[in-house]
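Every read-out reported here was derived from the displayed coordinates using simple, explicitly stated rules and does not represent laboratory data. Quick caveat, the model's predicted, so the values are computed rather than measured. FYI the Cβ positions are ideal-geometry reconstructions off the backbone, even for glycines, and counts take in every protein chain you see.
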Amino acid sequence: MLLEDGTAHAFTLLGAPDIIRRNIHEYFSKERDAYGRLIRGINGDYDGTLDFLILGKEAQGLGIGKNLWLALKAYFLETGAKAIYLYSDTDCNFGFYESQGFRRKREMETTFVFEGTPYVTNQFLYEYHLSQEGEESTATGSLSF
């Protein structure tokens, strides 16, 4: 199954202890802030974004993600987009995007504290130039905050 009903998860979170809900809120707030910092100053360079592409473990490696990306790429080309971006992080299979020709433009490290234990993750901004397929992008950088 490619799409799971998240209703049960939502109700579980609503009934979770305050500390769990605060940890989840902190995680998503910091992640959103990190992504905002990564795109700051360059968001006008892109015609579109790939917001969310996720497959369950059982669907990975079967060509499904690649076929979805190829369909999205065709859509972006039809709409005249020249460059798109996406966000990813070390909790995701970001290597998939690299294997499809996305270039890591920026990255930053973020530390979350869950129940007193630090959790470090890296957030990435990837770009894909539809108008320059085959050309190498050399503009990459790291951000420190």
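Only four residue types carry charge here, +1 at the Cβ of Lys and Arg and -1 at the Cβ of Asp and Glu. Report the dipole size of the stretch 16-133 about the Cα centre in Debye, rounded to the nearest 20.
Numbers: 14 positive and 17 negative charges, 31 e Å.
Value, rounded to 20: 140 debye.
The magnitude of the dipole of the stretch 22-83, with charges of +1 and -1 set on the Cβ of Lys/Arg and Asp/Glu and taken from the Cα centre, is near 160 debye.
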